[in-house]
Amino acid sequence: MSKISFEVWGVDNGRVIYLFKIENASGAYAELTNYGATLVSVNVPDRDGKIGNVILGYPSLDGYLNDSCYIGSTIGRFANRIAHAEFELNGVSYQLENNDGVNSNHSGSSGFNYKVFGYTITGDELVFDLLSEDGDGGFPGSLNLKVSYRWTEDNELLINYYAVTDKTTIANFTNHAYFNLNPNAGNILNHKLTINADLIVKATADHIPTGLIAPAGKFAFDKQKIKEKVTIPDGINTCYVINQQVEEAQMPACVLSEETSGRVMTVFTTYPGVMLYTGDYLKSNTPGSNGKNHEPFDGLCLECQFFPDSPNHPHFPSTVLNPGETYQHNITYKFSITA
C-alpha cells in the first residue's frame with residue numbers, strides 16, 4: 001500500500017498550505033497540495049528505470065499563487081467555457097464572470113484552482129474537500145466537493161470527484177495537469193497520441209460549441225505524433241466525444257506515449273468527453289520545476305470532463321446537479337513503459 005506523508009509548504013491568506021507525497025513500494029510517487037487540490041508532480045520511471053517528473057509544475061508554492069495557466073489544478077465549479085458567461089436553470093438566468101472575452105472560462109476568479117481545500121488521509125487515500133457557498137462565482141447552491149487521490153503500486157493515479165448541493169446547480173470538474181513524458185527533450189510535439197473518439201464538439205474560433213457534434217476528421221488521433229496534427233502557433237483546443245463502448249467497457253479514452261523515454265500514459269474515465277489542449281497559450285510568470293519558465297507546447301492537457309457550454313445546449317450530456325443527487329466521476333492516469 002502506498003504511503004502518504006506531508007509537510008507545511010506555506011501560507012495563503014492565513015491558511016496553511018501543505019505539500020503531500022504519495023509513494024509506492026517501487027519509489028514512484030505523486031505530489032499534491034491542498035491549494036487548488038493541485039497535482040504538483042508525477043514521478044515515474046523511464047525505459048532505463050530512471051524516475052522523472054512527467055507533468056509541468058512549480059518548485060514552491062509561490063509559483064502556484066502566481067500561476068495563470070491552471071497548472072495541475074482542480075477546475076470547478078464548471079470546467080471550460082460558458083458562452084456569454086450566462087446560463088438558465090429552471091427559468092432563472094445566472095450571470096458569471098466574463099474572464100475570457102465575453103465568455104466565462106474555468107469559473108473565473110472564483111475558480112477552485114484559487115481555493116484552499118481541507119484534507120483527510122485514510123490509509124492510502126488523500127481526500128481534499130471544499131464548501132462553495134450559494135452564489136459563489138454566480139453559481140446557485142451551496143456545493144460540497146470532495147476530490148480523492150490514490151497512487152497505486154501499478155503507477156496509477158486515481159482521481160475521484162464527489163459533490164452534493166442544497167439547490168439545483170450545474171457542475172463540471174476536472175484536473176488541468178500538463179503532461180510531458182520526456183521533459184528533458186523539450187516540447188510535446190514528438191509525443192504520439194491515440195484518442196478513442198470518432199466525434200468532436202464543433203466550436204467557434206473562441207472555443208464556444210456551435211451545438212454540432214461532428215466527425216473528428218483531421219482532428220482524429222490514432223498513434224499520430226502531435227506535430228503531424230498541430231498548426232503552430234494555433235495548436236489544438238478541442239473537445240472529443242469519447243466513444244460509447246469506451247465508457248461501457250472501461251477501455252482507454254486516450255493513450256499518450258513518447259518513444260525516447262519509453263513512457264506511456266493510458267487514460268480511463270467515466271466522463272463523456274476529453275479536452276485536448278496542446279498548451280499553445282502556456283506562459284508561466286515564474287520558473288517551473290525544471291528551472292525554466294513554461295512556454296507554449298511544453299506540455300499538453302487531456303482534461304476529462306463534460307462538454308464546454310453544456311448548460312446552454314440541452315442535447316449535450318446534462319451537467320445539472322439536484323439536491324439529493326451525488327455527482328460522481330473519475331479519471332485514471334496509468335503510467336507504464338514500452339520495451
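Looking at ASN190, ASN172, just one residue is touching a helix residue (DSSP H, G or I) at 6+ places or on another chain (Cβ under 9 Å) and buried (at least 19 other Cβ atoms within 10 Å of the Cβ), and that residue is ASN172. Here ASP234, ASP166, ASP222 are screened, and the one residue that is modelled with pLDDT of 95 or more, over 24 Å from GLY76 (Cα atoms) and acidic (Asp, Glu) is ASP222.
Scanning segment 292-314 for residues that are touching a residue at least 12 places away in the same chain (Cβ under 8 Å) and more than 23 Å from SER107 (Cβ to Cβ) yields a total of 4.
Name the residues in segment 284-301 that are more than 13 Å from TYR58 (Cα to Cα) and in a loop (DSSP other than H, G, I, E, B), would you? Hits for segment 284-301 are GLU295, PRO296, PHE297, ASP298, GLY299. I'd like to check something: does segment 146-157 contain any residue that is touching a Ser or Thr at 6+ places or on another chain (Cβ under 8 Å), more than 23 Å from GLY273 (Cβ to Cβ), outside any loop (DSSP other than H, G, I, E, B) and touching a residue at least 12 places away in the same chain (Cβ under 8 Å)? Within segment 146-157, one or more residues are touching a Ser or Thr at 6+ places or on another chain (Cβ under 8 Å), more than 23 Å from GLY273 (Cβ to Cβ), outside any loop (DSSP other than H, G, I, E, B) and touching a residue at least 12 places away in the same chain (Cβ under 8 Å). So for segment 110-118 (the condition being assigned to a strand (DSSP E or B), over 20 Å from ALA28 (Cα atoms), touching a strand residue (DSSP E or B) at 6+ places or on another chain (Cβ under 7 Å) and of a type in the set (A, V, I, L, M, F, W, C)), does at least one residue qualify? Scanning segment 110-118 turns up at least one residue that is assigned to a strand (DSSP E or B), over 20 Å from ALA28 (Cα atoms), touching a strand residue (DSSP E or B) at 6+ places or on another chain (Cβ under 7 Å) and of a type in the set (A, V, I, L, M, F, W, C).
Inside segment 262-283, residues that are touching a strand residue (DSSP E or B) at 6+ places or on another chain (Cβ under 8 Å), at negative phi and assigned to a loop (DSSP other than H, G, I, E, B) make up a count of 6. Just one residue in the set TYR281, TYR327, TYR240 is more than 27 Å from ALA28 (Cβ to Cβ), among the aromatic types (Phe, Trp, Tyr) and without any contact (Cβ under 8 Å) to a residue 60 or more places away in the chain; that residue is TYR240.
Residues that are surrounded by 21 or more Cβ atoms within 10 Å (Cβ to Cβ), in contact with a His (Cβ under 6 Å, 6 or more places away or on another chain), farther than 17 Å from ILE170 by Cβ and among the small types (Gly, Ala, Ser) do not occur anywhere in segment 297-307.
Rundown of residues vs (1) surrounded by fewer than 17 Cβ atoms within 10 Å (Cβ to Cβ); (2) in a strand (DSSP E or B); (3) in contact (Cβ under 8 Å) with a residue 60 or more places away in the chain, yes/no style:
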residue	(1), (2), (3)
SER68	yes, no, yes
TYR94	no, yes, no
THR120	yes, yes, no
GLY137	no, no, yes
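Based on what the data block shows, is MET251 among the aliphatic types (A, V, I, L, M), surrounded by 19 or more Cβ atoms within 10 Å (Cβ to Cβ) and either free of Cβ contacts under 8 Å to residues at least 60 places away in the same chain or assigned to a strand (DSSP E or B) (or both)? For MET251, the condition - among the aliphatic types (A, V, I, L, M), surrounded by 19 or more Cβ atoms within 10 Å (Cβ to Cβ) and either free of Cβ contacts under 8 Å to residues at least 60 places away in the same chain or assigned to a strand (DSSP E or B) (or both) - is not met. Considering segment 4-64, the qualifying strands (runs of 3 or more DSSP E), each wholly inside and each with 2 or more residues that are in contact with a Gly (Cβ under 7 Å, 6 or more places away or on another chain) and not small (Gly, Ala, Ser), run over 38-45.
The values are calculated or read from the model by the stated rules, or taken from the named source; none is laboratory data. Please read these numbers as outputs of a predicted model, since none were measured by experiment. Don't worry about glycine lacking a Cβ; one is built from the backbone with ideal geometry, like all the others, and counts go over all protein chains shown.
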